[in-house]
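Remarks on the structure that follows.
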Amino acid sequence: MTAPTNLGRPAWLCRENTKRVMAALETARPGGARFVGGCVRNALMGVEVDDVDIATQLTPQQVIGALEADGIRAIPTGLEHGTITAVCDGEPFEITTLRRDVETDGRRAVVAFTEDWAEDAARRDFRMNALYADAEGRVFDPVGGGVEDALQGRVIFIGDADQRLKEDYLRILRFFRFNAWYGQEMDADGLAACARQKAGLSKIAAERIWKELEKLLRAPAPYDAVEAMHASGVLGVILPQAQFRESLAVAQARTRDPFIRFVALLPRDGEVAKEVAQSLRLSNREAERLKAWATVAVPGGKLEQLQTLAYHFGKEPLLDLITVSAQDQFYNAARSLFETWEVPVLPVRGQDLLDRGFKGLEIGETLRDLEDKWVESDFTLSRDQLLNSLPQ
């Protein structure tokens, strides 16, 4: 099959905002701007495009001048690394000056600007990501093989894989993420390089590791990629508490929620949950969700018991647990229940007890007793019934 040399007319290329931004850059330097990376790759693959990135021979200051001359807002989001964000009618476009690496340390790069498209392409990670297209949709593949890789679902490093990884060890996780999203068959050389260089991940900030892992787990079917991470030892480096198991396959089939797929890799242990939350720098909400999942009581086979647990712990951790481990029949019933059932609110308040002469600590104690009665009744007792049960 002959590799295509034109994207055709994908919707994002034909939008007026896209045309306007490219026209502004082209006015400043004809032929000096091209679409790059994901938007080109995805257009070739027939996959939805979320972000439109542009590479240019213009310097950052020239980009700002070109945009402002056409009334387009220019935000210097990464001026040091040559990145300007154009905002056209509320739509963002990330525009980056062509670069070459001057120095790398496995975490970040010192770059210099260049006008050479081949130099810019050579510093990227995978051949399928080093693709460019002009305003007419003509495709450019400076390193070679990128178009074929995109069409055939091959994630292959540019040049020497070990060298690419030593420049930025986060590319190890990107290799597995791109395979989860786009790969048909994992490249053996790339996988072997990731196994050899996995220790370098210790240099990467925990927040960046969690962000990559979450993106990977959002893929339609990440199981095979995570299995390869486990077999290569990469998973053990970034998540030593992980226990790769079939529960991930169950979670994958039932939900696209990356967090549920994440907890499917972990043992249900409160101390482990605390360790993982700290080591990956999870947000407070994520940490609480993980803690609740790890410590909530294992639900039995009665939906009424689920309601009681949901009242005490919330629906989310229960759904997390059930999605990962419950049998199909109970999982389906529980999901149906929680779609329509809202966690009820105790109908009695402290003021009700104050009005009846209760004081101090006895208010809290009495409220807890009433709550126990109410929960035992499957939340059916009314406010009046609860208050009438109090001693006169």
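Which count do you get for residues in the range 70-95 that are touching a residue at least 60 places away in the same chain (Cβ under 8 Å) and either touching a Pro at 6+ places or on another chain (Cβ under 6 Å) or crowded, with 21+ Cβ neighbours inside 10 Å (or both)?
3
Return the only residue of Leu67, Leu58, Leu25 being part of a loop (DSSP other than H, G, I, E, B), among the hydrophobic types (A, V, I, L, M, F, W, C) and surrounded by 13 or more Cβ atoms within 10 Å (Cβ to Cβ).
Leu58
Have a look at Thr380, Thr308, Thr366, Thr323 and point out the one that is among the polar types (S, T, N, Q) and either touching a strand residue (DSSP E or B) at 6+ places or on another chain (Cβ under 8 Å) or not in a helix (DSSP H, G or I) (or both). Let's see the steps before the verdict.
Details: Thr308 fails: either touching a strand residue (DSSP E or B) at 6+ places or on another chain (Cβ under 8 Å) or not in a helix (DSSP H, G or I) (or both); Thr366 fails: either touching a strand residue (DSSP E or B) at 6+ places or on another chain (Cβ under 8 Å) or not in a helix (DSSP H, G or I) (or both); Thr323 fails: either touching a strand residue (DSSP E or B) at 6+ places or on another chain (Cβ under 8 Å) or not in a helix (DSSP H, G or I) (or both).
It is Thr380.
Can you tell me which residue in the range 150-180 is modelled with the lowest pLDDT, limited to those that are of a type outside the set (Gly, Ala, Ser) and under 19 Å from Glu48 (Cβ atoms)?
Filtering the range 150-180 down to residues of a type outside the set (Gly, Ala, Ser) leaves 151-152, 154-158, 160, 162-179.
If we keep only those that are under 19 Å from Glu48 (Cβ atoms) as well, we get 151, 155, 177-179.
Details: Leu151: 94, Val155: 97, Arg177: 97, Phe178: 97, Asn179: 97.
Checking each candidate, the answer is Leu151.
Considering each residue of the range 123-134, count those that are of a type in the set (Asp, Glu) and either within 17 Å of Val49 (Cβ to Cβ) or in contact with a Gly (Cβ under 9 Å, 6 or more places away or on another chain) (or both), and give that number.
Of the residues in that region, 1 qualify.
Among the residues of the range 327-376, which ones are in contact with a Gly (Cβ under 8 Å, 6 or more places away or on another chain) and of a type in the set (Val, Ile, Thr)?
Correct list: Val343, Ile363.
Within the range 135-156, is there a residue that is in contact with a Gly (Cβ under 7 Å, 6 or more places away or on another chain), closer than 18 Å to Gly37 by Cβ and aromatic (Phe, Trp, Tyr)?
no
Residues of the range 290-334 being under 28 Å from the mean Cα position of the chain (by Cα), aromatic (Phe, Trp, Tyr) and more than 15 Å from Asp269 (Cβ to Cβ), which ones?
If the condition is that a residue be under 28 Å from the mean Cα position of the chain (by Cα), aromatic (Phe, Trp, Tyr) and more than 15 Å from Asp269 (Cβ to Cβ), then Phe313, Tyr331 are the ones that fit.
Scan the range 244-267 for residues that are touching a Phe, Trp or Tyr at 6+ places or on another chain (Cβ under 8 Å) and not in a loop (DSSP other than H, G, I, E, B) and jot them down.
Listed by number, the residues that qualify are Leu248, Ala249, Gln252, Arg254, Val263.
From the residues in the range 1-19 that are part of a helix (DSSP H, G or I) and in contact with a Gly (Cβ under 9 Å, 6 or more places away or on another chain), which one is surrounded by the fewest Cβ atoms within 10 Å (Cβ to Cβ)?
Asn17
Count, please, the residues in the range 268-289 that happen to be in a loop (DSSP other than H, G, I, E, B), under 16 Å from the mean Cα position of the chain (by Cα) and either surrounded by fewer than 20 Cβ atoms within 10 Å (Cβ to Cβ) or at pLDDT below 95 (or both). Please lay out each step first, then the result.
As a first pass, look at the range 268-289 and keep what is in a loop (DSSP other than H, G, I, E, B): 268-269, 280-283.
Among the residues that remain, those that are also under 16 Å from the mean Cα position of the chain (by Cα) are: 280-283.
Imposing the further condition that a residue be either surrounded by fewer than 20 Cβ atoms within 10 Å (Cβ to Cβ) or at pLDDT below 95 (or both) reduces the set to 281, 283.
Looking only at that region, the number is 2.
Would you call Ala292 assigned to a helix (DSSP H, G or I) and in contact with a Lys or Arg (Cβ under 9 Å, 6 or more places away or on another chain)?
no
Filter the range 281-307 down to the residues that are in contact with an Asp or Glu (Cβ under 8 Å, 6 or more places away or on another chain) and in contact (Cβ under 8 Å) with a residue 40 or more places away in the chain, then identify the one that is nearest to Ala206 (Cα to Cα).
This residue is Arg281.
Quick check: is even one residue across the range 325-332 under 30 Å from Pro258 (Cα atoms), in contact with a Lys or Arg (Cβ under 8 Å, 6 or more places away or on another chain) and either exposed (fewer than 15 other Cβ atoms within 10 Å of the Cβ) or outside the structural domain of Ala251 (by TED's automatic domain parsing) (or both)? If you could, list the steps in order and put the result at the bottom.
Of the residues in the range 325-332, the ones under 30 Å from Pro258 (Cα atoms) are 325-332.
Add one more test, that the residue is in contact with a Lys or Arg (Cβ under 8 Å, 6 or more places away or on another chain), and what stays is 331.
Filter once more, so that each one left must be either exposed (fewer than 15 other Cβ atoms within 10 Å of the Cβ) or outside the structural domain of Ala251 (by TED's automatic domain parsing) (or both): 331.
Yes: one or more hits.
The values are calculated or read from the model by the stated rules, or taken from the named source; none is laboratory data. Owing to the predicted nature of the structure, the values given are computational and were not obtained by experimental measurement. Ideal geometry is used to build each Cβ from the backbone, glycine not excepted, and the neighbour counts take in all protein chains shown.
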